[in-house]
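We did not get these values from a lab; they are worked out from the coordinates using the rules stated. Quantities reported herein were computed from a predicted structural model and do not represent experimental measurements. Glycine also receives a Cβ, built like all others from the backbone with ideal geometry; neighbour counts cover every protein chain displayed.
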Amino acid sequence: MSDSLVIPSALKILQHAVKLLFTNAGMSIPENCSVEDDFTDIISLSDNSEIKALRVLFDRIKLDRGQSENHYWIPREIDNEKPNIPYPQNIQPTSEDIRKYLETSCQEIRTLLERDENWQNESLLALIIEKYGSFIALDDEDVAFVDLIRSTAAVSTALTKNPDAKKLSLIVGDLSGVQKFIYTISSAGALKSLRARSFYLELVTEEIVQQLLEELKLPRTNIIFAGASKLYILATDSDKTKQAVEEIGNKFNQWLKDEFQGKVFLALDSYEFEVAKVSNNEFAEVWSKANKNLDGLRSQKFRQELSDLLTPQPAYEPCKVCHRDDVENLKPLGDDSDVEACGICRRLYRLGGQLRDVKAIVRSQDRTLSSKKYLQFKLSKTEIHYYHLFDDISEAKKKAERGKLFLINNWNINDYVGLDATPLFLGNYSQKSKDDPKAFATAEELAKASQGIERVASLRMDVDNLGKIFATGLGEKQTLPQIAGLSRQMTYFFKVYLNSLAEDRDNNLPQNENYTKIDLPKKGEKRDNLLFIYAGGDDLFISGAWNEVVEFSFDVDQSFRAYTGYNPDITISAGISLAVPKYPLYQAAEDSGDAEEAAKGNGRDSLTLFGETFKWDEWLGNKENIRVSIEQKTQMENLSEKEKEIIDYLKAEDYPDLWGVFSFVKQLEYQKIGTDYTRNFVRNLLNTAQLQEQKLEEIEQKRRDKLYPFEDKDLKYYLHLPQIAYTLARLEKNVKIKDDFRKSLKNPRNAPYYRAIATWIELLNR
């Protein structure tokens with residue numbers, strides 16, 4: 001590289017990006033905002049670069065089937081707080097739509113830039129690019145403006161350290177053992193403790209990121225992704241990078257071992273690659289290999305665990321919450337609990353009672369910044385970092401001069417002026433306790449808010465085939481900006497938009513022909529009896545009143561499908577378990593995890609609920625979607641001949657007017673046929689399901705014993721008819737039932753759903 005060429009800093013690139021917004025709006029940038037143009041050939045951001053409509057990147061994902069339609073984002077800024085879920089559209093915004101949007105946006109930005117110090121505030125400019133540039137593209141319609149600018153700034157910053165470098169380094173980190181750390185606790189204060197543990201690990205990830213950035217002198221634009229216990233940072237390929245990664249990794253693992261008895265382990269590595277791979281599809285290979293290298297590092301955790309087993313360790317009375325037995329002096333968990341617990345469990349229990357209204361966090365080495373609400377990371381005797389929690393943003397801003405300010409789910413630019421501040425995304429929706437408005441609702445309160453039977457539900461959910469989506473899903477579009485864009489949009493959905501969906505579902509549900517309304521008669525108008533325990537970059541764990549959790553799971557699935565443009569290769573699977581409030585939450589988490597695995601085992605794109613596993617469309621009764629999936633499934637090469645035969649058999653049977661689980665639940669709930677009749681109907685429906693299952697098992701056993709040579713497809717779908725006819729006859733004397741209900745219930749396509757229908761109705765009316 002020629003000595004005459006100057007690699008721009010991240011600040012210079014952000015400034016140039018803001019200028020591009022004004023240029024494309026047909027407006028001039030404020031006079032006090034000077035921009036250097038002598039490096040535009042290097043970063044390919046010329047004044048002639050055109051801002052245009054942004055294609056939905058999810059359209060480019062192809063695993064098995066791929067997307068057949070084109071979707072676009074409507075140009076928009078991100079709301080200051082609680083942004084509604086944006087849904088793509090099929091119509092491409094015009095250049096005039098783009099110009100008007102930019103003109104309005106730049107008028108808002110201009111008032112900020114007229115102050116000289118704001119033009120030099122890197123974190124403020126980065127937020128401007130994110131707020132106004134997340135739903136527009138620059139030149140390449142598949143790359144969001146914000147992702148291109150951040151990626152360009154990251155590469156430029158890494159090269160600034162060594163302009164002649166031929167390689168860069170991708171720092172990859174992963175906290176393993178997170179599930180064990182979060183979920184394996186007793187039921188004593190479990191909801192509050194689990195929420196605190198999830199939040200705590202978010203801050204552990206943030207502290208690791210902060211230390212890497214400080215040691216390597218990198219801006220936050222070099223963070224490709226950080227959250228959900230994972231991190232990716234672009235850095236200079238140098239001995240200093242390798243040394244920093246090794247030293248910080250060793251330091252944190254020693255601290256994690258002391259703090260959590262080795263339950264959590266940090267795998268941290270740097271992977272070098274050629275600079276050119278940033279902008280071509282070979283970056284997918286970089287991403288995959290960097291992640292694969294972490295597997296070897298994770299094995300170190302197991303070597304350490306083996307070493308601990310061989311080394312005599314002192315044993316004390318185990319903590320009644322996390323069960324560790326290597327600490328002395330257990331004390332009561334809190335003022336409201338006499339459960340004996342270790343120090344970290346006591347701190348996290350207190351934290352759990354303080355998190356609900358937190359709006360800002362200040363990271364500092366000054367202990368005196370706040371008097372009560374803080375967390376500390378004591379990495380050594382001399383190195384202690386405090387995270388002070390504030391319910392009031394203005395109070396946090398006063399303290400921010402002595403530390404780093406994080407604003408939770410906040411895009412209000414005025415809150416960032418004059419400060420080194422950055423947004424921190426958290427899935428943090430919760431219901432407040434009636435006894436203490438500043439605390440989370442207890443399991444008992446959530447169960448009592450349920451309709452019908454008083455139960456708490458646990459929901460586990462995550463995106464199917466996410467590794468494959470990132471590794472191969474984008475094909476030739478697998479560049480750094482695209483990978484960054486996928487990460488960002490997944491993070492927005494699970495950590496930001498789901499908060500809005502839970503709090504204001506009417507304004508956040510998709511409004512199109514593909515949406516099936518899940519809305520049953522219930523106590524109250526809203527579904528607010530939910531508690532987000534964990535919401536990461538692609539998954540979540542939610543607890544709450546059982547019927548609201550069940551219905552919310554359908555909201556999440558349908559919103560996610562609409563958000564991703566109904567790409568058939570981007571799906572989500574979930575598992576839900578129900579339990580009494582006193583049931584150990586770690587066991588409820590395990591039960592819902594097992595249910596989620598059953599859903600994954602059903603070919604994914606499924607929900608396991610009430611012990612039954614079906615595709616989402618089967619639960620919802622989306623007949624058109626199932627027809628499409630069946631037609632597409634017959635084209636899959638790995639389908640057996642018998643499966644094809646059964647599918648052909650089903651295709652020959654017309655779909656009834658009512659089909660699937662929810663269709664019948666809704667009809668029965670709205671008809672209000674009466675408690676006694678409901679119980680009789682449920683009992684007979686369960687008896688029918690049991691009889692059918694028993695007969696099919698007998699047939700299968702005879703087939704295994706070679707005593708029954710006939711195919712069972714007819715029996716499988718018609719065994720139910722006599723019992724169902726009896727059930728309907730009993731109800732018909734006293735209750736008016738529509739013909740479509742009677743005919744649909746007897747249709748063989750509905751035979752698999754009787755148990756789920758009956759269980760749902762029974763729980764709602766018990």
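Numbers below:
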{"quantity": "³J(HN,Hα), Karplus 6.51/-1.76/1.60, whole Hz, each residue of region 74-82, x for Gly, Pro", "calculated": "6, x, 6, 8, 7, 4, 4, 8, 6"}
{"quantity": "13 Å beta-carbon shell around residue 60, net charge (K/R +1, D/E -1)", "calculated": "-4"}
{"quantity": "Calculated FRET value between residue 32 and residue 382, using beta carbons and R₀ = 25 Å, to 0.05", "calculated": "0.05"}
{"quantity": "Phi-based couplings in Hz for region 11-28 (Karplus 6.51, -1.76, 1.60; Gly and Pro marked x)", "calculated": "4, 4, 5, 4, 4, 5, 5, 5, 4, 4, 4, 5, 4, 6, 8, x, 10, 8"}
{"quantity": "Gain on full stretching of the segment that runs from residue 680 to residue 288 - 0.36 nm per residue minus C-alpha separation", "calculated": "135.5 nm"}
{"quantity": "Projected label distance in nm at residue 365 and residue 468, using a 7 Å step from Cα toward the beta-carbon", "calculated": "4.9"}
{"quantity": "Phi to ³J(HN,Hα) by Karplus 6.51 cos²θ - 1.76 cosθ + 1.60 over region 578-583, Hz, x for Gly, Pro", "calculated": "10, 7, 6, x, 7, 5"}
{"quantity": "Tensor-based shape of region 423-487 (alpha-carbon gyration tensor, a/c under 1.5 rounded, otherwise prolate or oblate)", "calculated": "oblate"}
{"quantity": "For region 167-310: relative contact order, % (alpha-carbon pairs under 8 angstrom, 6 or more apart)", "calculated": "36"}
{"quantity": "Whether region 357-424 is rounded, prolate or oblate, judged on the alpha carbon gyration tensor where a/c under 1.5 counts as rounded", "calculated": "prolate"}
{"quantity": "Given charges at Cβ of Lys, Arg, Asp, Glu: region 130-285 dipole, positive-most of 173, 162, 250", "calculated": "250"}
{"quantity": "Counted charge near residue 356, where neighbours are those whose Cβ lies closer than 12 Å (Asp, Glu -1; Lys, Arg +1)", "calculated": "+3"}
{"quantity": "Charge-dipole axis of region 10-160 as Lys and Arg at +1 and Asp and Glu at -1 on Cβ define it, positive-most pick from 78, 68, 30", "calculated": "68"}
{"quantity": "Of 265, 297, 286, farthest towards positive along the dipole that unit charges on Lys, Arg, Asp, Glu beta carbons give region 247-298", "calculated": "265"}
{"quantity": "Cα gyration tensor shape for region 118-270, rounded if a/c is under 1.5, else prolate or oblate", "calculated": "oblate"}
{"quantity": "Approximate spin-label separation residue 276-residue 504, in nm, with each point projected 7 Å along Cα-to-Cβ", "calculated": "5.0"}
{"quantity": "Debye, to nearest 20: dipole size of region 325-466, +1 on Lys, Arg Cβ, -1 on Asp, Glu Cβ", "calculated": "520"}
{"quantity": "Cα centroid separation - region 372-392 against region 61-99, whole Å", "calculated": "40"}
{"quantity": "Whole-Å distance, taken between Cα centres, linking region 567-614 and region 396-452", "calculated": "28"}
